[in-house]
1. Nearest 10 degrees, 0 to 90: what angle lies between the long axis of helix 66-94 and the longest principal axis of the chain (Cα atoms)?
2. For helix 249-259, report the angle its Cα long axis makes with the longest principal axis of the Cα atoms of the chain; keep it between 0 and 90° and round to the nearest 10°.
3. Quick one: with all protein chains in place, what share of the accessible area of the chain is carbon or sulfur, to the nearest percent (1.4 Å probe)?
4. So which of LYS287/LYS449; LYS399/LYS482; LYS449/LYS506 end up more than 24 Å apart by C-alpha?
5. Whole number please: convex hull volume per residue, Cα atoms of the chain, in Å³.
6. In units of 2.2 N^0.38 Å, what is the alpha-carbon radius of gyration of region 25-97?
7. Suppose all protein chains stay in the model; what accessible area per residue would a 1.4 Å probe give for the chain, in Å²?
8. Quick check: Cα centre of region 426-448 to Cα centre of region 66-125, how many Å?
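The values are calculated or read from the model by the stated rules, or taken from the named source; none is laboratory data. All values reported here derive from a predicted model rather than from experimental measurement. Backbone-built Cβ (ideal geometry, glycine too); neighbour counts: all protein chains shown. The protein model used for the area step is the full one, side chains on, heavy atoms only, and it has no ligands, DNA or RNA in it. Shrake-Rupley method; radii C 1.70, N 1.55, O 1.52, S 1.80 Å.
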Amino acid sequence: MSQQLGVLSALDLAKTQWYHFTAIIIAGMGFFTDAYDLFCISIVTKLLGRIYYHIQNSPRPGSLPPNVAAAVNGVALCGTLAGQLFFGWLGDKLGRKRVYGITLILMVLCSIASGLSFSHSPKAVISTLCFFRFWLGFGIGGDYPLSATIMSEYANKKTRGAFIAAVFAMQGFGILVGGIVALVVSTAFNNRFPAPPYSENPSRPTIPEADYVWRIVLMFGAIPAGITYYWRMKMPETARYTALVAQNAKQAAADMSKVLQVHLEAEEEKPTTESNQNPNRFGLFSKKFAKRHGLHLLGTTTTWFLLDIAFYSQNLFQKDIFTAIEWLPPAATMSELEECFKIARAQTLIALCGTVPGYWFTVVFIDYIGRFVIQLMGFIMMTIFMFALAFPYNHWKEKPHRIGFVVMYSLTFFFANFGPNSTTFIVPAEIFPARLRSTCHGISAAAGKAGAIVGAFGFLYAAQSKDPAMTEPGYPTGIGVKNALIVLGCINFLGALFTLLVPESKGKSLEELTGENQGDDNGIGTSPV
């Protein structure tokens, strides 16, 4: 045990160096792809409706039926949930490195396959699109626990929070680039194949070239993931997994000496016997785990679940909210590619002004003010801004005040990312034992994706107008955008309450937090803060 702790102590005290930044880029590029693939679908769903569900001479352009829209938006989230549980468990069983490449291959292949959905009939295209997006989500799901665990186990304790946050912050660039790619592709096609607004000729079918636009946007996500595959395969196994789980401190020292500019030495470990076995090696379903980490796991799962209901609702249905406040023109006044362009422009603006800055504020401040404060503050500010948007909703709908609505809406994204969207990813990678770290992170992330599924499917119906004449074709009446925003505000407030179960991990080594540096039952215990 002393040999293991010597290696890990050297890692905790190692200076920040080039390999740390290399690891951020390698792991972060996976998250860039994750966010790009999960959120770019919201830009092209309107275009899919126009292409495959066009009704000749209808007063409105074609739109996806409710069940199809729910499937297209939500199927990748279902795959992500399954992938987080499976690959989280597998990462603890086989090691982080062995599983890391599998998730990337899945993401590359399924990104390409999503854009090559077979046939031209609506049923065939949507079915194959949903099939490949499920498996794309499965690969994305694996990236959550593995990237977080790998970065936390590579980092030193002084800057660990910033390093894990920087990996997750690449998600913001993925969302931003998704909007930019859609802007560029739709502009290029619109210039080459111009079409009149729908209202001028409702009998006109969607131009056939528009079918290439959504396919190119979806397939682009394979490029950044494919570029980083070689470097992922060159990464050694993390020292903490090798030393604490594989029980080979000598190999851990050798691996880290190759990539970090530190001299690490460890003698060969003696075989562990029943008499000297570490009493802290309890299982996930043991009473000792429930006593020591049960409240922590409850805290990480509930806060991530509640956050993602709000976060994914906001992200996936920005276009619907912008249409409701008439920031986006009515669909019938635009051509298919013009509508795609304006949706992408709106989402890019929100990402640039609110989403991306929020992530990097977390990177800068997390190791100074701590995870707990950032998460609590984020939930509270999201609650305030949601209520500020919802209660005077009719005021914001008036034309002179729409820019104010967009600014307030951007601030909810800012405090989501300079808040719980970052910290719910970081904390589960720090507070659980090495042999269960990837599994517990996967469980926490899967709870988040369950919330995302609730948000994706629930908000789709809930945000429909209470006036039957104002609902989209095929949808029942809902509670309206105003009441949906009030519900999301209440959910954020619940998130603030459950944050009280999450411990502060700032400035402590992983072994201090989990009790793996001790032979008794000490550690972070069950104190929530």
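1. Between the helix axis and the principal axis of the chain, the angle is about 10 degrees.
2. The helix 249-259 is inclined about 50 degrees to the chain.
3. Of all accessible area on the chain, carbon and sulfur atoms account for 68 percent.
4. As for pairs spanning more than 24 Å Cα to Cα, those are LYS287/LYS449; LYS449/LYS506.
5. Enclosed volume per residue, from the Cα hull, is 132 Å³.
6. Cα Rg divided by the expected 2.2 N^0.38 Å: 1.57.
7. 37 Å²
8. After rounding, the separation between the Cα centres reads 20 Å.
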